[in-house]
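This report refers to the structure that appears directly beneath it.
The values are calculated or read from the model by the stated rules, or taken from the named source; none is laboratory data. As the structure is a computational prediction, the values presented were derived from the model and not from experiment. Please note: Cβ atoms are built from the backbone with ideal geometry, for glycine as well, and neighbour counts cover all protein chains shown.
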Amino acid sequence: MKIDAHHHLWQFNELDYGWMTPEMTVLRRDFVARDLEAVLSANGIAGAVTVQARQSIEETRWLLELQRGTPVMLGVVGWVPLNEPGVRRYLDEFTAGPGLKGVRHVLHDEPDDNYMLREDFNRGVSLLREYGLVYDLLVFERHLPQAIEFVDRHPDQVFVLDHIAKPRIREGLLSPWRERMLELARRGNVYCKLSGLVTEADWSAWKYADLEPYFDVVLEAFGPRRLMFGSDWPVILLAAPYATWAEAVSRKLETFSAAEQERIWSATAAEAYRL
């Protein structure tokens with residue numbers, strides 16, 4: 001069994017998805033539940049975790065509604081206004097059913113690199129454990145020092161690091177990302193998604209050898225027990241088809257034991273998100 005721990009759905013419009021620049025033509029269309037079902041079926045993936053792509057209550061409601069009628073959508077990581085005093089009303093609403101598994105804020109797009117250390121934001125994050133929700137951590141490599149401090153404020157909260165903190169793969173740089181990842185991984189409440197690597201590499205010219213040093217670091221840091229497979233589909237289409245990324249992961253894991261492969265392909269995600 002394989003689970004994709006990270007994909008997106010959207011109904012495209014220029015206003016809500018301004019980050020999709022004109023050259024990203026492959027993304028500038030709707031990606032809905034039937035598209036997800038088709039790509040998962042074609043690649044032998046049993047189910048997936050759907051992650052927010054814009055910061056709106058309306059999108060979270062839409063994703064949860066889709067999830068209720070789409071069996072391959074195993075859960076949703078949505079968005080709520082964590083820095084607002086009234087955030088509980090949204091958490092109450094969205095956890096009335098079993099679909100919401102976690103919450104994410106697009107931290108790496110905030111103008112303030114210290115946004116995650118704000119007191120109002122941390123008050124909201126401190127509520128998530130009460131609701132049984134994971135916090136998905138979306139940062140660039142440069143944010144890892146703040147991310148470590150942020151995680152340390154919430155030692156009992158489960159965190160999932162998205163896209164291995166987006167290292168500088170295009171430039172072939174491992175440091176200081178490697179050292180900071182090893183430090184973050186010392187916190188046992190942090191899991192990591194093996195996702196997003198190809199879009200941090202050269203979209204048109206990347207090769208497996210470019211990715212392998214980064215695979216090695218996260219395996220050293222988190223081990224199979226806290227690593228999970230994710231595609232970041234359809235964003236991955238900027239650099240590779242879904243199958244190409246899945247094949248790269250399979251190639252890296254071919255020398256691992258069956259139990260270790262199971263952790264990365266499905267069991268870690270099932271554990272972290274309570275699927």
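Being touching an Asp or Glu at 6+ places or on another chain (Cβ under 8 Å) and closer than 22 Å to Leu138 by Cα is true of Trp19.
Going residue by residue through the range 218-229, is there one that turns out to be under 22 Å from Glu179 (Cβ atoms) and assigned to a loop (DSSP other than H, G, I, E, B)? Walk me through it before giving the result.
First, pick out the residues of the range 218-229 that are under 22 Å from Glu179 (Cβ atoms): 218-227.
Those left that are additionally assigned to a loop (DSSP other than H, G, I, E, B): 223.
Within the range 218-229, one or more residues are under 22 Å from Glu179 (Cβ atoms) and assigned to a loop (DSSP other than H, G, I, E, B).
Number of residues in the range 101-130 that are of a type outside the set (Val, Ile, Thr), touching a residue at least 40 places away in the same chain (Cβ under 8 Å) and surrounded by 15 or more Cβ atoms within 10 Å (Cβ to Cβ): the value is 7.
Screening Ala248 against (1) surrounded by fewer than 20 Cβ atoms within 10 Å (Cβ to Cβ); (2) of a type outside the set (Asp, Glu); (3) more than 16 Å from the chain's Cα centre (by Cα) leaves a single unmet condition, (1).
Identify all residues within the range 232-269 that are of a type in the set (D, E, K, R) and under 17 Å from Ala201 (Cβ atoms); write none if there are none.
Our first condition is that a residue be of a type in the set (D, E, K, R); within the range 232-269, this holds for 232, 247, 251-252, 254, 260, 262-263.
Asp232, Glu247, Arg251, Lys252 - these are the residues of the range 232-269 that are of a type in the set (D, E, K, R) and under 17 Å from Ala201 (Cβ atoms).
One line per residue, one yes/no per condition, for (1) in a loop (DSSP other than H, G, I, E, B); (2) closer than 21 Å to Asp232 by Cα; (3) not hydrophobic (A, V, I, L, M, F, W, C):
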{"residue": "His143", "(1), (2), (3)": "no, yes, yes"}
{"residue": "Val151", "(1), (2), (3)": "no, no, no"}
{"residue": "His154", "(1), (2), (3)": "yes, no, yes"}
{"residue": "Leu173", "(1), (2), (3)": "yes, no, no"}
{"residue": "Arg187", "(1), (2), (3)": "yes, no, yes"}
{"residue": "Leu197", "(1), (2), (3)": "yes, yes, no"}
{"residue": "Glu200", "(1), (2), (3)": "yes, yes, yes"}
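Residue count for the range 78-105 under the criterion of being within 20 Å of Ala33 (Cβ to Cβ) and touching a His at 6+ places or on another chain (Cβ under 8 Å): the result is 1. When Ala201, Ala185 are checked against the criterion of being at pLDDT 95 or above and in contact with a Cys (Cβ under 8 Å, 6 or more places away or on another chain), Ala185 stands alone in meeting it. Of all residues in the range 226-275, those satisfying the criterion of being among the acidic types (Asp, Glu) and touching a helix residue (DSSP H, G or I) at 6+ places or on another chain (Cβ under 8 Å) are Asp232, Glu260. Filtering the range 24-55 to residues that are over 23 Å from Leu133 (Cβ atoms) and not hydrophobic (A, V, I, L, M, F, W, C) leaves Thr25, Arg28, Arg29, Asp30, Arg34, Asp35, Glu37, Ser41, Asn43, Gly44.
Is it the case, given these coordinates, that Thr268 is more than 22 Å from His143 (Cβ to Cβ) and surrounded by fewer than 21 Cβ atoms within 10 Å (Cβ to Cβ)? Answer is no for this residue.
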